[in-house]
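The values are calculated or read from the model by the stated rules, or taken from the named source; none is laboratory data. Because the structure is predicted, anything quoted here is derived from the model rather than measured. Every residue, glycine among them, receives a Cβ derived from its backbone with ideal geometry; neighbour counts consider all protein chains shown. We work out accessible area using only protein heavy atoms, side chains counted, and drop any ligands, DNA or RNA first. Shrake-Rupley method; radii C 1.70, N 1.55, O 1.52, S 1.80 Å.
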Amino acid sequence: EEAVTPVPAPYFAKAPPVFIMGKDLRAIFSRRHSYATKSNKTLKVKTPGGSLVLHQLKKRSKGPRCGETGMTLHGIKKLKMKAYKNVHKREKTVKRAYGGSLCGKAVRDRILRAFLIEEQKIVKKIESEKKK
């Protein structure tokens, strides 16, 4: 007699997957401010015990900007105004004229402008002497 070989079931005829309920991965605000605003930014952190907690983040500072051009000043830490009190002087300034307040381009323009004005004064003085 003939032996009947079982036909393998197609790949889509497998049993449906079983979903096992996992740990609750939601985290709640620990403070009374419950809205997702700029001042209420948080970071999800997993503790060694395995629970999720929210760490409160502080606002980032835009940092110091040039008084003339409005560009950010390079080489100076981006801190809040009160935090500059606890920082070394080398982290607050740049070793250049107008170091912590103007950018390099603004200083270069000022020097060039002053030089050209002086040159113009000399030319005017020479012209006035020629007329006499």
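Simple rule: put +1 on each Lys or Arg Cβ and -1 on each Asp or Glu Cβ in the range 59-131, find the dipole, and look at Ile76, Leu112, Cys66; the Cα lying farthest toward the positive end is Ile76.
The angle separating the long axis of helix 104-131 from the principal Cα axis of greatest extent in the chain is about 20 degrees.
Put Arg31, Arg110 in order of accessible area, highest first, and with a 1.4 Å probe you get Arg31, Arg110. About its Cα centre, the chain has a charge dipole of approximately 1700 debye under the convention of +1 per Lys or Arg Cβ and -1 per Asp or Glu Cβ, with nothing else charged.
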